[in-house]
1. For the stretch 85-138, how many residues meet the condition of being touching a strand residue (DSSP E or B) at 6+ places or on another chain (Cβ under 9 Å), within 15 Å of the ligand (Cβ to nearest atom) and of a type in the set (Gly, Ala, Ser)?
2. Is it fair to say ARG87 is at pLDDT 95 or above, within 27 Å of ARG3 (Cα to Cα) and over 16 Å from the mean Cα position of the chain (by Cα)?
3. When the residues of the stretch 70-84 are filtered to those that are more than 11 Å from the ligand (Cβ to nearest atom) and in contact with a helix residue (DSSP H, G or I) (Cβ under 8 Å, 6 or more places away or on another chain), which remaining residue is farthest from VAL6 (Cα to Cα)?
4. Restricting attention to the stretch 131-139, does a residue exist that is of a type in the set (Phe, Trp, Tyr), in contact with a helix residue (DSSP H, G or I) (Cβ under 9 Å, 6 or more places away or on another chain), within 27 Å of ILE56 (Cβ to Cβ) and surrounded by 20 or more Cβ atoms within 10 Å (Cβ to Cβ)?
5. Residues in the stretch 142-155 that are more than 15 Å from the ligand (Cβ to nearest atom), part of a strand (DSSP E or B) and in contact (Cβ under 8 Å) with a residue 40 or more places away in the chain: how many?
6. Which condition number does GLY93 fail, the rest of (1) surrounded by 21 or more Cβ atoms within 10 Å (Cβ to Cβ); (2) at pLDDT below 95 being met?
7. Being surrounded by fewer than 24 Cβ atoms within 10 Å (Cβ to Cβ) and among the aromatic types (Phe, Trp, Tyr) is the filter here, so list the residues in the stretch 165-182 that pass it.
Amino acid sequence: MKRVGVLALQGAVREHIHSIEACGAKAISVKWPKDLEELDALVLPGGESTTMRRLIDRSGLIEPLREFAKSGRPMFGTCAGLILLAREVAGHGAPHLGVMDVMVERNSFGRQIDSFEAELSITGLEAPFNAVFIRAPHIVGVGPETQVLCEHDGKIVMAKSGQFLGCSFHPELTYDHRITSYFLDMIPSRTGTLLPNGMLYSKV
Ligand SMILES: NC(=O)CC[C@H](N)C(=O)O
């Protein structure tokens, strides 16, 4: 069974755990560096990115999370989680993890519509996806290897860059688990997959 961690410091943790389990994988709460061992993939949930960053630092997780990214295992950031992954956050100095080749802007959809739902057409999904946006960021720029999977109102709201998947909205808040399932499909098969760092990923 695939083992998928959810960074469990703040935000929509339970909902991601539920969605992962609904897709038939094992969900594991990540609060400390040791919790990252033995995971096949990791979800960074939505919440509030500056609060989450403070808690990441308090738990000593910033470098272990960067190492996790270097190991080549898939990471999925939703909303604040996307902000944590991004290589650049508009108007901010240093990025958080800075591992996904996208530039994001926070709180991009205007105060009067801080939260809303939208029917999105997403590359790779056959039918539209009803997405919940809560004080959502958007992707203002992507690197050459990054694939834009969805735009809303002319703004990029979902992208994939190698092992990294990110979206502006909260796919875990509905009963539609297709995006979680899309992410789980990014996990390489367990036997003999060569990771980008040259390690053989062969856990049984
Ligand atoms: N729903 C969310 O995750 C909102 C993200 C939040 N606005 C931030 O900047 O971190």
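The values are calculated or read from the model by the stated rules, or taken from the named source; none is laboratory data. Owing to the predicted nature of the structure, the values given are computational and were not obtained by experimental measurement. Please note: Cβ atoms are built from the backbone with ideal geometry, for glycine as well, and neighbour counts cover all protein chains shown.
1. 8
2. Here the answer is no, as ARG87 does not meet what is asked.
3. Looking at the filtered set, the residue picked out is PRO74.
4. yes
5. The qualifying residues number 1.
6. The one condition GLY93 does not meet is (1).
7. Correct list: TYR175, TYR182.
Yes or no, residue by residue, for (1) small (Gly, Ala, Ser); (2) within 18 Å of MET52 (Cβ to Cβ):
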| residue | (1), (2) |
| --- | --- |
| LYS2 | no, no |
| GLN10 | no, yes |
| ALA25 | yes, no |
| SER29 | yes, yes |
| GLU37 | no, no |
